[in-house]
Amino acid sequence: MKCDREMSRLSLARCGNRLGALLLALGLLAGASAVCAQTPLADGQVVKIDQAAGKITIKHGPLKQFGMEESMTMVYRAADPAMLTAVKPGDKIKFAPDRINGQFTVTKIEKAK
Ligand SMILES: [Cu+2]
């Protein structure tokens, strides 16, 4: 994973201690540089949550960095199933999409205001 052009648009605040500590605590990422390779948060809406499987279905707009050229509804794995308790179907969210071991994964979800 490398920090690409998207990265330059990210403020350092988004790579702040809280997220970094969380991800490192989860043992998902090897180091700080990987944490900072997060793409900017995308807008979406929760369609469905499968707490047991740790999966969330999100309707979202184009994510060109993943070759998603159009709006779509798709299933993401949650990096931490606990993230899924904070949102419910119908919620507008901001989420951090990533591709981990070939699986589309959300590494962060927050409710949109
Ligand atoms: Cu998609």
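FYI, it's all coordinate maths here, none of it is from the lab. If you're wondering where the values come from, they're calculated on a predicted model, not measured in any experiment. Ideal geometry is used to build each Cβ from the backbone, glycine not excepted, and the neighbour counts take in all protein chains shown.
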Neighbourhood net charge (12 Å Cβ-Cβ; Lys/Arg +1, Asp/Glu -1) for Pro89: +2
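Would you mind giving the three semi-axes, in whole Å and largest first, of the ellipsoid equivalent to segment 37-105 according to its Cα gyration tensor?
They are 18, 14, 11 Å, listed from largest to smallest.
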Percent RCO, i.e. relative contact order, over segment 53-105, from Cα pairs under 8 Å lying at least 6 residues apart: 33 percent
Neighbourhood charge, 14 Å Cβ-Cβ cut-off, centred on Asp50 and excluding it, Lys, Arg +1 and Asp, Glu -1: +4
Charge tally in the Cβ shell below 14 Å around Ala112, where Lys, Arg are +1 and Asp, Glu are -1, Ala112 excluded: +4
Reachable lysines from Lys88, criterion Cα separation under 17 angstrom, eight or more residues apart if same chain: Lys48, Lys55, Lys59, Lys108, Lys111, Lys113
